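Asker: Please read through the structure below; I'll follow up with questions.
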Amino acid sequence: MSRRYNRRSTRPIEDLPSLFGNAADSGDAPFSVTVGNTGTKNVRDDDLAMPDEFVRPRRRLRFMSFGSGSSGNCSYIGTGDCGLLIDAGVDNNFVTEKLLRSGIDISTVRGIILTHDHADHVRFAYALLRRNRQMRLYATPRTLEGLLRRHNISRRIKDYHAPIYKEHEYMFDDIRVTPFETSHDGTDNVGFAITMGDTTFVVATDMGVITERADHYLRTADAMMIESNYDSLMLASGRYPEYLKNRIRSAIGHMDNAVTAAYLRDIHSDSLKYIFLCHLSHDNNTPETALETVRTALLERAIKTTDSPVDIADGCVFLTALPRYEASDLYIL
């Protein structure tokens, strides 16, 4: 059985709760309210029975992809008031424009969380950081070292670095982010479990196999972005040289459609409502092939899929393949 580690997180000092902050924002702390003519008393959030018209709508996570594949990877996860970019392999101007068209100001984006140091995930990291000074680069120290070693990138990127560590939890307003171990040939690769309220979104891309820790977090997901990189027959008969085919098939390479599909079939639960297939190969896969492989596997357990997020019902899951070169819709999870 996997066990969850409880370790102290390292959080930027500006993220620590203020002594003079609103106690009501902490969730558990009591705060003062006026009750009729009897003065004030300390109460907790769950003690109040507020009329519906005064109840603030529950905030929900929003997700959007700006590109997925070896040409470039970058996506957004957040609430509109506070957000993060997952990787930075897509042109910064394109990302800024698509966020704005979706009603999200990039000034609300707190930073970039990096899965690993390959070019298709980091190419535009410095440009995004330099143009958006509120952002930080959240990466493990080894990932930052690999980024500087592998790429011709300004060493001033270190000025934006905020170190993160696997199995430590980090807070961005009310969004919790936990990095975990994945298996790829980058430097110190991670996936992310991103939780707000009762919704958990798991990022698991660029994996040769599903590690024990990736499996642990994927089983908690209400929504996930998971790699479905290649079709084994297309790869075998394709134009890639043998050494590259072997690299892709290896335990530190990428995920076969059939392996991803079988895994999703085996772990599916009623809480899982959104599956975003990511990092599809341009030469050794098609969106139609990947989607059909996953649909067929899920049907073996009588799990229905839909391509419309408004049609999600009990026993049904939204399934889509993220576009390679284009932005996806903005999804409210």
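Asker: Show the residue pairs that are 6+ apart or on different chains and have beta-carbon atoms under 7 Å apart, the first residue being within the range 279-304 and crowded, with 22+ Cβ neighbours inside 10 Å, the second being assigned to a loop (DSSP other than H, G, I, E, B) and basic (Lys, Arg).
Answerer: Leu280/Arg324
Asker: Also, quick follow-up: Would you call Asp256 in contact with a helix residue (DSSP H, G or I) (Cβ under 6 Å, 6 or more places away or on another chain) and under 21 Å from Thr289 (Cβ atoms)?
Answerer: When the stated conditions are applied, Asp256 passes them.
Asker: Can you tell me how many residues within the range 202-214 are over 17 Å from Cys278 (Cβ atoms) and open to solvent by 40 Å² or more (accessible area, probe 1.4 Å)?
Answerer: Residues meeting the conditions: 1.
Asker: Which residue pairs have Cβ atoms under 7 Å apart, sit 6 or more places apart or on different chains, and have a first residue in the range 113-138 that is closer than 17 Å to Ile252 by Cα and a second that is open to solvent by 40 Å² or more (accessible area, probe 1.4 Å)?
Answerer: Partner pairs satisfying both residue conditions: Asp117/Arg150; Ala119/His151; Asp120/Ser70; Asp120/Ser71.
Asker: Scan the range 260-306 residue by residue and report those that are in a loop (DSSP other than H, G, I, E, B) and within 20 Å of Thr200 (Cβ to Cβ).
Answerer: Result: His268, Ser269, Asp270, Ser271, Leu272, Lys273, Ile303.
Asker: While we're looking at this one, here's another question. Can you tell me which of (1) out of contact with any strand residue (DSSP E or B) (no Cβ under 6 Å at 6 or more places or on another chain); (2) surrounded by fewer than 17 Cβ atoms within 10 Å (Cβ to Cβ); (3) not in a helix (DSSP H, G or I) is the one His184 doesn't meet?
Answerer: That leaves (2) as the condition not met.
Asker: Test of understanding: among Asp329, Asp266, Asp311, which residue is touching a residue at least 40 places away in the same chain (Cβ under 8 Å) and acidic (Asp, Glu)?
Answerer: Asp329
Asker: Thr178 - would you say it is polar (S, T, N, Q), part of a strand (DSSP E or B) and surrounded by 15 or more Cβ atoms within 10 Å (Cβ to Cβ)?
Answerer: yes
Asker: Further question on the same structure: Pairs needed: first member in the range 236-259, in contact (Cβ under 8 Å) with a residue 24 or more places away in the chain and outside any helix (DSSP H, G or I); second member anywhere, loosely packed, with under 13 Cβ neighbours inside 10 Å and of a type in the set (Asp, Glu); C-beta distance under 6 Å; at least 6 residues apart or different chains.
Answerer: Gly238/Asp283
The values are calculated or read from the model by the stated rules, or taken from the named source; none is laboratory data. Everything numeric here is computed off the predicted structure, so don't read it as measured data. Cβ: placed from backbone, ideal geometry, glycine included. Neighbour counts: every protein chain shown. Quick note on the areas: whole protein, heavy atoms, side chains included, nothing else; ligands and nucleic acids left out. Shrake-Rupley method; radii C 1.70, N 1.55, O 1.52, S 1.80 Å.
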